[in-house]
1. List the number of the failed condition for Gly105; all other conditions in (1) under 21 Å from His20 (Cα atoms); (2) modelled with pLDDT of 90 or more hold.
2. Name the single residue that is nearest to Glu70 (Cα to Cα) among those in region 87-109 being among the β-branched types (Val, Ile, Thr) and part of a helix (DSSP H, G or I).
3. Read through the list (1) under 30 Å from Asp8 (Cα atoms); (2) modelled with pLDDT under 90; (3) β-branched (Val, Ile, Thr), then give the number of the only condition that Thr157 fails.
4. Out of Ser61, Ser84, Ser104, Ser44, report the one residue that is closer than 30 Å to Gln132 by Cβ, out of contact with any strand residue (DSSP E or B) (no Cβ under 8 Å at 6 or more places or on another chain) and not assigned by TED's automatic domain parsing to the domain that holds Arg140.
5. Filter region 9-40 for residues that are within 15 Å of Leu67 (Cβ to Cβ), part of a strand (DSSP E or B) and not aliphatic (A, V, I, L, M) and give the result.
6. What's the number of the condition Leu80 fails, among (1) in a helix (DSSP H, G or I); (2) more than 17 Å from Met163 (Cα to Cα); (3) modelled with pLDDT under 90; (4) of a type in the set (A, V, I, L, M)?
7. Does Ala95 satisfy the criteria of being on the phi < 0 side of the Ramachandran plot and in the same structural domain as Tyr128 (by TED's automatic domain parsing)?
8. For residues in region 19-45 being at pLDDT below 90 and touching a helix residue (DSSP H, G or I) at 6+ places or on another chain (Cβ under 6 Å), which is surrounded by the most Cβ atoms within 10 Å (Cβ to Cβ)?
Amino acid sequence: MTNDNIIDFNAGDYVVYPAHGVGQIKGIETQNIAGCEIRLYNISFEKDRMRLKVPVMKASSAGLRKLCTEDRLKDALKTLKGKSKVRRTMWSRRAQEYETKINSGDPVSIAEVLRDLKRSNDDTEQSYSERQIYQSALERLAREVAAIEHISEHQATEQLEVMLGKDLNKDDVTKEAA
């Protein structure tokens, strides 16, 4: 096996695993599996209370990556501010495409989902599944923004919603009423 594609992470590094979002490397351990010594990244996803172990040799092919660069984040935020591009296909097909984009872990793709699902503050025009997908994309992108900018996830969420043109005061009133 060649070691060309091995990405080197250290304990404490924040990483993105495509299907789960931002996690933190808690350590690198060696386990004996089927008679082979295998080095594993031990990744913790605090928000989901989940731990994941990824073989060091398979990290790249599993899609494990460092947090995006400032330039990539700028591209994602630019996409977020762009014009919505909702296609007139069946919702089930669009929902599947949105889920695929979210699970890709790519911040620009996630921003596309947010942009395309953004609505006015009147959530009555959104279906339950649209709100769920929107929330999933918002949380995923907010976690990465928070880790990059060293702010709380709540602050990152607010920043993103301001960029999307959401009226945060109205949202707060609706949450308080609930």
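1. It fails just one condition, (2).
2. Narrowing region 87-109 to residues among the β-branched types (Val, Ile, Thr): 89, 100, 102, 108.
Among the residues that remain, those that are also part of a helix (DSSP H, G or I) are: 100, 102, 108.
Values: Thr100: 24, Ile102: 19, Val108: 12 Å.
My answer is Val108.
3. Single failed check for Thr157: (2).
4. Details: Ser84 fails: not assigned by TED's automatic domain parsing to the domain that holds Arg140; Ser104 fails: not assigned by TED's automatic domain parsing to the domain that holds Arg140; Ser44 fails: out of contact with any strand residue (DSSP E or B) (no Cβ under 8 Å at 6 or more places or on another chain).
Going through Ser61, Ser84, Ser104, Ser44 in turn, just one is closer than 30 Å to Gln132 by Cβ, out of contact with any strand residue (DSSP E or B) (no Cβ under 8 Å at 6 or more places or on another chain) and not assigned by TED's automatic domain parsing to the domain that holds Arg140: Ser61.
5. Looking only at region 9-40, we keep the residues that are within 15 Å of Leu67 (Cβ to Cβ), and these are 9-10, 12-18, 20-25.
Cutting the leftovers down to part of a strand (DSSP E or B) gives us 14-17, 21-25.
Tyr14, Tyr17, Gly21, Gly23, Gln24, listed by residue number.
6. Among (1) in a helix (DSSP H, G or I); (2) more than 17 Å from Met163 (Cα to Cα); (3) modelled with pLDDT under 90; (4) of a type in the set (A, V, I, L, M), Leu80 violates only (2).
7. Details: on the phi < 0 side of the Ramachandran plot: yes; in the same structural domain as Tyr128 (by TED's automatic domain parsing): yes.
In short, yes.
8. Ranking the qualifying residues of region 19-45, first place goes to Gly21.
The values are calculated or read from the model by the stated rules, or taken from the named source; none is laboratory data. These numbers come from a predicted model, not from an experiment. In this analysis, Cβ positions are derived from the backbone assuming ideal geometry, glycine residues included, and neighbour counts consider all displayed protein chains.
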